[in-house]
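Okay, so here's the structure we're looking at.
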Amino acid sequence: MQTVWWLWPLVALCSGDQFRGEAEKIMRATPVIDGHNDLPWQLLTMFNNQLQEKAADLTSLAQTHTNIPKLRAGFVGAQFWSAYTPCDTQNKDAVRRILEQIDVIHRMCHMYPETFVCVTNSTGIRQAFQEGRVASLIGVEGGHSIDSSLGVLRALYHLGMRYLTLTHSCNTPWADNWLVDTGEDQAQSQGLSEFGQSVVREMNRLGVIIDLAHVSVATMKAALRLSKAPIIFSHSSAYSLCRHRRNVPDDVLQLVNQTGSLVMVNFYNDYVSCQQQATLSQVADHLDHIKKVAGAGAVGFGGDYDGVSRLPSGLEDVSKYPDLVAELLRRRWTEAEVRGALADNLLRVFEAVEQVSDHAGTPEEVPIPLGELQGSCRTTYGYSEAPSFHPPPGALLASLSTILLGLCLL
Ligand SMILES: *[C@@H]1O[C@H](CO)[C@@H](O)[C@H](O)[C@H]1NC(C)=O
Ligand SMILES: *[C@@H]1O[C@H](CO)[C@@H](O)[C@H](O)[C@H]1NC(C)=O
Ligand SMILES: [Zn+2]
């Protein structure tokens, strides 16, 4: 053995990529936890959520970035599946549609029990790693999905939601989205309204991770200040490398560091290079930058697979994570830093969120003021009779609105 030590560099050279082998070795014990995958949206748009259709077979599905063989080749060990309904469902059928997307994730998970296991906590993720199954978690993308209701928020928690993205690309009545920062939308809540703050407090109490992908910078800062637990950006990249408002600016990255929070880097070309084309190496630049500004503990992967139309060369589908890990090793990331980006950082955040949660604590109860609700097709039960003592803020406005409504009808 000792006589052939000098052969090793040669073997590495000839075997293609030593870093790729090293990446696979690391990922066998620490597979990737990805922050955001839109396969459930594809299941709706391609099959109207009919998973038993022949074409919907996840072992052979080919038009998507995600299928079971690709997840296996990519060493995906846990996935936050996105339960998503677009902004045009706000004030319409958003709640119904989000329930259906949560249902399709549950059905997908149960239909392929050798591959997936539905979990709702950090212990479940670690167990899935041991079993060699893909821990499947639910992230609800877009605060409009709770229809401004703390009761709906709690019900979604019971159905397995473990992160909520406070907005998608539209304001909710209680939180502003990133289009406020481009000037395409008006600021409404200056970050978080009073009700928006109570949503954040209730998420802390329940143990739902706060996700700040898609929100305005003011909302990012308000939530980072208020939350008692660390937060995530489930699929956002670095603003200073690509000046797109979906990305995270450096001053917010400082807050991410101070709060022990996490940015899971989005692979969408438009957020990586600000152009139609991008490369795996440019994604690694984002990971390097966030590591430099916020620390190696603040970096993760949030590929946004099946939610985007353009992906970097080298990261075309979910089988490619090991190539990105190999690139980080080539850039001299330590094994501990790589394991952090793959899984340990998310597990740290999730465990902190679980620590902060307090199911014996008092639920938030004060409803959004009626005057802040939008949409014409809703009833106002509960608002018409304000409680006679401890009137909540907005109760006066609520009863005023009822009176005015009454006048109109007369
Ligand atoms: C984690 O979830 C599992 C089900 O996947 C459950 O049995 C277990 O009690 C949970 N653990 C904690 C600490 O809540
Ligand atoms: C925040 O920065 C400090 C100092 O650079 C570093 O020690 C710490 O690990 C960072 N936190 C995270 C979450 O990376
Ligand atoms: Zn998104």
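The values are calculated or read from the model by the stated rules, or taken from the named source; none is laboratory data. Only a predicted model underlies this, so the values are computations on that prediction, with no experimental measurement involved. Using ideal geometry, Cβ is built from the backbone for each residue, glycine included, and neighbour counts are taken over all protein chains shown. Ligands, DNA and RNA are excluded from the accessible area calculation, which covers all protein heavy atoms including side chains. Shrake-Rupley method; radii C 1.70, N 1.55, O 1.52, S 1.80 Å.
Worth pointing out:
- Some residue of region 231-241 being in a loop (DSSP other than H, G, I, E, B), within 16 Å of Thr165 (Cβ to Cβ) and hydrophobic (A, V, I, L, M, F, W, C): yes
- Near pairs, Cβ below 8 angstrom, 6+ apart or cross-chain, from region 119-130 (in contact (Cβ under 8 Å) with a residue 24 or more places away in the chain) to any residue that is aromatic (Phe, Trp, Tyr) and more than 16 Å from ligand 3 (Cβ to nearest atom): Asn121/Phe350; Ser122/Phe350; Ile125/Phe350
- When Leu156, Leu179, Leu192, Leu164 are checked against the criterion of being open to solvent by less than 30 Å² (accessible area, probe 1.4 Å) and free of Cβ contacts under 8 Å to residues at least 40 places away in the same chain, a single residue qualifies: Leu192.
- Tally, over region 138-176, of residues that are within 20 Å of Ala78 (Cα to Cα) and within 16 Å of ligand 3 (Cβ to nearest atom): 8
- Whichever residue in region 217-246 is within 14 Å of ligand 3 (Cβ to nearest atom) and open to solvent by less than 20 Å² (accessible area, probe 1.4 Å) and, among such residues, is farthest from Asp306 (Cα to Cα): Ile232
- Test for Asp34: is it in contact with a Phe, Trp or Tyr (Cβ under 8 Å, 6 or more places away or on another chain) and more than 16 Å from ligand 2 (Cβ to nearest atom): yes
- Among the conditions (1) surrounded by 14 or more Cβ atoms within 10 Å (Cβ to Cβ); (2) under 28 Å from Tyr163 (Cα atoms); (3) of a type in the set (D, E, K, R), the only one that Glu365 does not satisfy is (1).
- Members of region 331-348 that are small (Gly, Ala, Ser) and crowded, with 17+ Cβ neighbours inside 10 Å: Gly340, Ala341, Ala343
- Residue match in region 177-199 (condition: among the aromatic types (Phe, Trp, Tyr) and away from ligand 2 (no atom under 16 Å from the Cβ)): yes
- Counted residues, region 251-274 - those being open to solvent by less than 20 Å² (accessible area, probe 1.4 Å) and under 20 Å from Asn345 (Cα atoms): 10
- Number of positions in region 334-378 that are among the basic types (Lys, Arg) and in a helix (DSSP H, G or I): 2
- Residues of region 218-251 satisfying the condition of being within 22 Å of Ser169 (Cβ to Cβ), aliphatic (A, V, I, L, M) and more than 17 Å from the chain's Cα centre (by Cα): Ala218, Ala222, Leu241
- Every residue from region 341-364 that is in contact with a strand residue (DSSP E or B) (Cβ under 7 Å, 6 or more places away or on another chain) and among the small types (Gly, Ala, Ser): Ala341, Ala343
- Scanning region 250-267 finds one or more residues that are in contact with a Leu (Cβ under 7 Å, 6 or more places away or on another chain) and away from ligand 2 (no atom under 16 Å from the Cβ).
So that you can scan it fast, the table gives a plain yes or no per residue for (1) modelled with pLDDT under 95; (2) under 24 Å from Arg310 (Cβ atoms); (3) more than 16 Å from ligand 3 (Cβ to nearest atom):
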site	(1), (2), (3)
Asn48	no, no, yes
Gln52	no, no, yes
Gln63	no, yes, yes
Arg72	no, no, yes
Pro86	no, yes, no
Asn91	no, no, yes
Val104	no, no, yes
Met111	no, no, yes
